[in-house]
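Here the structure is laid out as structure tokens; the discussion comes afterwards.
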Amino acid sequence: MDFKEFESLLKKAKDIPLPGEEAQIELAPSGRVSLSDMDLDLNKVRKAGVLALVENYQGEAHLILTSRTKYPGAHSGQVSFPGGSFEEEDADFRTTARRETQEEIGVSDSDYEIWGALSPLYIPPSNFLVHPYLAKAAEALSFVAEEKEVAAIHRISINRFLDESAISRTQIKLSNGFKLNSPAFEMDGLVIWGATAMMIAEIRALLLQSRASL
């Protein structure tokens, strides 16, 4: 998808309700229950902000993803969006997403424009309620990975996520040794699953709905 078409679809998407959990659930691991059925105590969950950044790279719209470094934790080595924990000095979750993006991949908030918020998503293994934001960068970006947190930075054409054959099912081995079957996006040697895939699923649905309404 060329970047101009992506911008056109985003402009149209402003008039479309967010696809929300209905879209997210398409990429949810087996056993996932609805957020409304989780009875979360928001005073006890950890909160985070992440940025789904789409870049104009050689005229095409590319989604920026990172591979986490290996560490003793629930999300070790996984593919993710830049982002992280809300801190007390953050004005809001958008601020968190901007700050963490600069820290993790070296991209300043002056290099992109935030389109808007996507639907929040709860991650049970780490007890995080994640607030994702969709953003676009009109020019190709330069990245500087934060070595302690980011093992690699990836550009993937957004068009590849829209293809009907983009979603597969695969067996995921968790950091605790357990295995589960999960839908995923598998491309460029990466297995994109869990919360990141669920957020991409909402972006995917939003763009496809926007395209259908033109």
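Quick notes on this structure:
- Which listed residue is polar (S, T, N, Q), over 27 Å from E186 (Cα atoms) and either crowded, with 18+ Cβ neighbours inside 10 Å or modelled with pLDDT of 95 or more (or both), from S67, S110: S110
- Any hit, segment 35-42, residues being under 18 Å from the mean Cα position of the chain (by Cα), surrounded by 15 or more Cβ atoms within 10 Å (Cβ to Cβ) and not in a strand (DSSP E or B): yes
- Test for I172: is it within 19 Å of N56 (Cβ to Cβ) and either touching a strand residue (DSSP E or B) at 6+ places or on another chain (Cβ under 6 Å) or not charged (D, E, K, R) (or both): no
- Looking only at segment 113-159, and only at residues there that are of a type in the set (K, R) and at pLDDT 95 or above, the one that is farthest from R32 (Cα to Cα): K136
- Every test in (1) under 20 Å from A201 (Cβ atoms); (2) aliphatic (A, V, I, L, M); (3) over 14 Å from the mean Cα position of the chain (by Cα) is passed by L118 save one, and that test is (3).
- Search result, residues across segment 148-185 that are farther than 15 Å from Q78 by Cα and among the acidic types (D, E): D163, E164
- When the criteria are applied in full, T96 meets the requirement of being among the polar types (S, T, N, Q), more than 25 Å from L174 (Cα to Cα) and surrounded by 12 or more Cβ atoms within 10 Å (Cβ to Cβ).
- Within segment 175-214, if we keep just the residues that are free of Cβ contacts under 8 Å to residues at least 40 places away in the same chain and either among the hydrophobic types (A, V, I, L, M, F, W, C) or assigned to a strand (DSSP E or B) (or both), the residue that is farthest from F6 (Cα to Cα) turns out to be F178.
- Which numbered condition E104 fails, given (1) in contact (Cβ under 8 Å) with a residue 60 or more places away in the chain; (2) surrounded by 12 or more Cβ atoms within 10 Å (Cβ to Cβ): (1)
- Segment 74-97, residues that are assigned to a helix (DSSP H, G or I), touching a strand residue (DSSP E or B) at 6+ places or on another chain (Cβ under 7 Å) and not aromatic (F, W, Y): R94, T96, A97
- Taken as a whole, segment 149-163 holds at least one residue that is of a type in the set (G, A, S) and in contact with an Asp or Glu (Cβ under 8 Å, 6 or more places away or on another chain).
- For segment 134-193, a residue qualifies if it is under 16 Å from the mean Cα position of the chain (by Cα) and not hydrophobic (A, V, I, L, M, F, W, C), and the qualifying residues are K136, H154, R155, S157, N159, R160, P183, E186.
- Selection from segment 1-14 of residues that are closer than 14 Å to G116 by Cα and out of contact with any Ser or Thr (no Cβ under 8 Å at 6 or more places or on another chain): E7, K11, K14
- Residue within segment 118-138 that is closer than 24 Å to K11 by Cα, surrounded by fewer than 13 Cβ atoms within 10 Å (Cβ to Cβ) and not charged (D, E, K, R) present: yes
The values are calculated or read from the model by the stated rules, or taken from the named source; none is laboratory data. Computed from a prediction, not measured in an experiment: that's the story for all the values here. Every residue, glycine among them, receives a Cβ derived from its backbone with ideal geometry; neighbour counts consider all protein chains shown.
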